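The values are calculated or read from the model by the stated rules, or taken from the named source; none is laboratory data. Treat the numbers as computed from the prediction; the structure is a model and nothing was measured. Here the Cβ is made from the backbone with ideal geometry for all residues, glycine too, and neighbour counts use every protein chain on show. Ligands, DNA and RNA are stripped out before the accessible areas are found, and what is left, the full protein with its side chains, is counted by its heavy atoms. Shrake-Rupley method; radii C 1.70, N 1.55, O 1.52, S 1.80 Å.
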Amino acid sequence: METEVPAILRARETIAPERFTFHSSRMRMTHVTAEQLKAMDGDSDRCAVELSDAHVDVLGYACLVAIMSMGIGYHRTAQERLHLRTAENDAPAPVVTSAGALVDGLHTLGAKKIVLVAPYLKPLTATVVDYLTHEGVEVLDHTSLEIPGNLDVAAHDPAALPGIARRLDHADADAVVLSACVQMPSLAAIGEAEQLLGKPVVSAAVCTAHQMLRRLGLPAVAPGAGHLLSGAFAETPLREP
């Protein structure tokens with residue numbers, strides 16, 4: 001989140017007048033386990049209050065699987081609760097979770113069938129698949145890279161992702177999720193993957209940037225971030241929570 005979302009918005013600054021500042025507050029998590037993810041989510045209220053001290057215009061919750069592991073549809077609960085924290089601090093701001101953004105991004109593309117790449121251990125990837133299925137997105141195939149360390153997830157080479165995605169059974173997929181985790185870098189490989197696979201390719205970070213721009217009331221367009229941010233969906237109406 002702290003690298004790819006700013007990179008997307010900086011790229012947007014080359015074609016649009018708006019300028020952005022970035023502010024972070026951290027929830028601790030070193031190993032991607034159910035226990036640490038639950039503890040991490042419990043710290044999100046503090047982070048929302050800290051960020052609203054800066055009177056930010058939109059908040060992004062960066063951990064997709066922390067949200068999805070809390071139960072089906074939980075992104076709606078988290079977004080509402082964290083928005084309330086900002087309002088209580090006299091600095092109300094919309095909240096975008098990467099989990100909700102991935103759901104909304106896939107619906108924006110009209111993607112009913114997808115394949116996805118996740119860095120998680122297999123049980124957590126299964127949680128992601130179940131979550132998306134409940135949201136009306138069928139996961140035809142997926143792969144778990146089974147990387148338990150959070151820093152190791154961040155160090156995964158994005159250049160390997162197009163080849164990994166190509167090995168999935170993607171022929172009938174409407175779209176490909178190249179990284180179902182904002183911690184695993186993929187932005188540099190989105191364009192290559194779209195050319196290789198011949199269909200829209202997104203990531204949790206790309207979808208988060210798209211939804212943040214729409215919550216700001218700005219055209220959701222940025223060069224180098226794939227079909228979702230190409231301009232084809234720049235003015236897509238926001239979906240109801």
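Odds and ends about this structure:
- Geometric descriptor of the range 70-126, per residue, is 108 Å³ (volume of the convex hull of the Cα atoms).
- Residue with peak Gaussian network fluctuation, the chain [Cα springs, cutoff 10 Å], from 230, 52, 203: 230
- Here's the list of aspartates and glutamates a cross-link from residue 112 could span, going by alpha-carbon distance under 16 Å and ignoring same-chain residues fewer than 8 apart: 104, 130, 135, 138, 141, 169, 172, 174.
- Cα-based reach from residue 38 at 21 Å (exclusive), listing lysines while leaving out same-chain residues under 8 positions away: 122
- For residue 116, nonlocal amide neighbours, meaning residues 5 or more places apart or on other chains whose placed amide H falls under 5 Å from its own, are 141, 142, 143, 177.
- DSSP-loop GluC sites (Glu not before Pro) across the range 159-241, with at most 13 other Cβ within 10 angstrom: 235
- Accessible carbon and sulfur surface of the chain relative to its total accessible area, %, 1.4 Å: 52 percent
- Gained length - residue 171 relative to residue 26, 0.36 nm times residue gap less alpha-carbon distance: 48.3 nm
- Cα gyration tensor shape of the range 1-137, rounded if a/c is under 1.5, else prolate or oblate by comparing a/b with b/c: oblate
- Across the options 189, 55, 6, the greatest Cα extent toward the positive end of the charge dipole of the chain (unit charges at beta carbon of Lys, Arg, Asp, Glu) belongs to 189.
- Given their separation in residues at 0.36 nm each and the Cα-Cα distance between them, residue 43 and residue 126 gain 27.4 nm when the chain is fully extended.
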